[in-house]
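The values are calculated or read from the model by the stated rules, or taken from the named source; none is laboratory data. Keep in mind that what you see is a predicted model, and the values were worked out from it rather than measured. We place every Cβ from the backbone using ideal geometry, glycine too, and count neighbours over all the protein chains shown. Each accessible area value is taken on the protein alone, full model and side chains, heavy atoms only, with ligands, DNA and RNA left out. Shrake-Rupley method; radii C 1.70, N 1.55, O 1.52, S 1.80 Å.
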Amino acid sequence: MMKCKASQAAHGLLALVLTTAMASMAWAETTVVTADRMLDVLSGRWVERPAIVVVDGRIQAVLKQGETGLPRDAKRIDLPGQSLLPGLIDMHVHLAADARINGSRYLEYTDAFWVAVGVANARSMLEAGFTTVRDLGSAGYADVGLKQAIEGGYIPGPRIVPATYALGATGGHCDYTEGLPPSYAAVPTPGVADSPDGFRQLVRKMRKLGAEVIKLCVTGGVTSRTDAAGAQQMSYEEIKAAVDEAHRLGLKVAAHAHGTAGINDALRAGVDTIEHASLADESSFNLARERGAWFSMDIYVDDYILAEGAKNGLHEASLAKEREVGLKQRQSFRAAHQAGVKMVFGTDNGGVFPAGQNALQFAKMVEWGMSPLEAIRTATRNAAQALAREGDVGAIAVGRFGDFVAVRGDPLQDIRLLERPSAVIKGGVRAK
């Protein structure tokens with residue numbers, strides 16, 4: 001008798017909880033998303049016939065279709081015959097840039113033009129399934145402005161983690177006047193410093209003006225005309241000062257680094273992600289594992305640069321550098337993966353190849369050694385961990401944003417399905 005009464009009380013309590021939850025959802029913006037199946041990137045398993053309840057933009061419950069507890073009056077997004085994944089994350093984009101306007105051609109355009117380009121690129125990346133992006137360098141604080149416009153509902157776009165200006169040395173890869181004649185010497189270079197104290201001050205300034213991550217240009221690059229891609233441009237002391245200041249302020253640090261010496265000094269200084277990592281070797285892999293750093297390797301771009309770069313205005317010096325490092329970077333990617341280095345998905349999209357084509361990199365990652373699941377995890381679970389935003393993005397789980405991408409078929413069998421998403425949902429609202 002006592003057990004019966006206890007059971008009745010428990011059922012009554014459950015009914016009260018469900019009724020209260022349903023009542024609260026009635027006052028909130030509630031959407032139920034269904035599909036044939038859902039990829040749980042944390043376990044690596046498919047979940048059949050999911051029904052995901054999104055309330056005010058965040059996932060409140062992950063249930064099965066037909067299960068009790070689904071709100072009856074909610075908006076619905078039904079995706080029959082489709083597979084659902086978490087919204088994708090690109091850890092290296094440039095929203096206010098256009099790969100088709102390169103070399104010196106960008107001088108023909110006003111600063112305001114690039115913000116308008118960023119509006120178009122933000123939409124393209126979102127509709128490609130990338131619901132979160134990390135913008136690693138944007139003149140005029142355009143990335144912060146785009147973030148404000150998206151969050152204010154003025155324009156569509158992904159969640160943005162802005163770096164504002166990329167920071168580097170005078171004449172280096174991130175000196176915007178690099179390669180220009182002396183008559184441009186008076187042009188402001190807000191991201192340039194030449195001492196540990198100078199970089200420490202820049203970190204503080206960029207954070208004040210909206211940076212949520214700090215980007216350092218530790219070595220030369222491909223698209224800069226006058227430097228060697230692998231040559232180190234920041235001293236260890238400068239890198240260390242910037243990293244220490246950023247971490248003290250609660251910011252992660254991304255280091256653009258192609259050459260081995262620069263990669264290794266950046267890792268010793270405590271950077272969180274290495275961008276490109278083209279000439280990383282076994283010593284780099286060991287340091288990355290010891291320090292818990294992530295590699296973000298844009299191994300698709302070689303195809304685009306060599307096919308379209310000259311037409312887009314890239315100087316021959318830049319094309320020669322790409323021919324020198326492109327294959328080596330892919331070989332380093334395979335070696336780093338085999339060595340157990342942690343990897344995230346970063347493409348350089350926008351700046352180096354057209355916005356919205358981010359997903360082309362997945363096939364390259366599989367071609368050079370990853371399984372499809374591993375490649376997908378670089379753009380979901382791993383990226384969320386590297387951002388320290390596991391509570392918000394990176395998986396379909398209670399509490400995280402209701403960000404999803406859907407495809408027709410099984411991306412674990414055909415990774416290129418991610419190049420053609422059938423639906424994109426951000427915060428429970430369908431974007432495509």
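Key figures
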{"item": "Subset of segment 304-329 [at pLDDT below 95, in a helix (DSSP H, G or I) and charged (D, E, K, R)]", "result": "GLU308, GLU316, LYS321, GLU322, ARG323, GLU324"}
{"item": "Total residues in segment 217-257, condition closer than 17 Å to ASP298 by Cβ and out of contact with any helix residue (DSSP H, G or I) (no Cβ under 6 Å at 6 or more places or on another chain)", "result": "7"}
{"item": "Among (1) within 21 Å of VAL429 (Cβ to Cβ); (2) at pLDDT below 95 - the single one THR110 does not satisfy", "result": "(1)"}
{"item": "Complete set of residues in segment 274-329 that are surrounded by fewer than 18 Cβ atoms within 10 Å (Cβ to Cβ), basic (Lys, Arg) and out of contact with any Ser or Thr (no Cβ under 7 Å at 6 or more places or on another chain)", "result": "ARG289, ARG291, LYS311, ARG323"}
{"item": "Those strands (runs of 3 or more DSSP E) lying entirely in segment 77-178 with at least 1 residues acidic (Asp, Glu) and buried (at least 24 other Cβ atoms within 10 Å of the Cβ)", "result": "88-93, 130-135"}
{"item": "Any chance ALA269 is more than 24 Å from the chain's Cα centre (by Cα), over 16 Å from LEU202 (Cα atoms), free of Cβ contacts under 8 Å to residues at least 40 places away in the same chain and open to solvent by less than 50 Å² (accessible area, probe 1.4 Å)", "result": "no"}
{"item": "Single residue of segment 222-238 satisfying the filter (in a loop (DSSP other than H, G, I, E, B) and free of Cβ contacts under 8 Å to residues at least 60 places away in the same chain) that is farthest from GLU178 (Cα to Cα)", "result": "SER235"}
{"item": "Matching option when the condition is open to solvent by 10 Å² or more (accessible area, probe 1.4 Å) and within 26 Å of PHE362 (Cα to Cα), among HIS258, HIS247", "result": "HIS258"}
{"item": "Pair list, Cβ under 9 Å, 6 or more apart: segment 184-208 residue farther than 16 Å from LEU249 by Cβ, other residue among the aromatic types (Phe, Trp, Tyr) and modelled with pLDDT under 95", "result": "VAL187/TYR176; PRO188/TYR176; THR189/TYR176; PRO190/TYR176; GLY191/TYR176; VAL192/TYR176"}
{"item": "Matching residues in segment 212-226 - criterion: being surrounded by 24 or more Cβ atoms within 10 Å (Cβ to Cβ) and of a type in the set (D, E, K, R)", "result": "LYS215"}
{"item": "Residue selected from segment 381-432 under the condition more than 19 Å from GLY157 (Cβ to Cβ) and of a type in the set (Val, Ile, Thr), by the criterion most open to solvent (accessible area, probe 1.4 Å)", "result": "VAL398"}
{"item": "Count of segment 304-360 residues which are without any contact (Cβ under 8 Å) to a residue 24 or more places away in the chain, out of contact with any Leu (no Cβ under 8 Å at 6 or more places or on another chain) and under 25 Å from GLY118 (Cα atoms)", "result": "2"}
{"item": "Among the candidates ALA122, ALA142, residue that is of a type in the set (A, V, I, L, M) and either out of contact with any Phe, Trp or Tyr (no Cβ under 7 Å at 6 or more places or on another chain) or closer than 25 Å to LYS321 by Cβ (or both)", "result": "ALA122"}
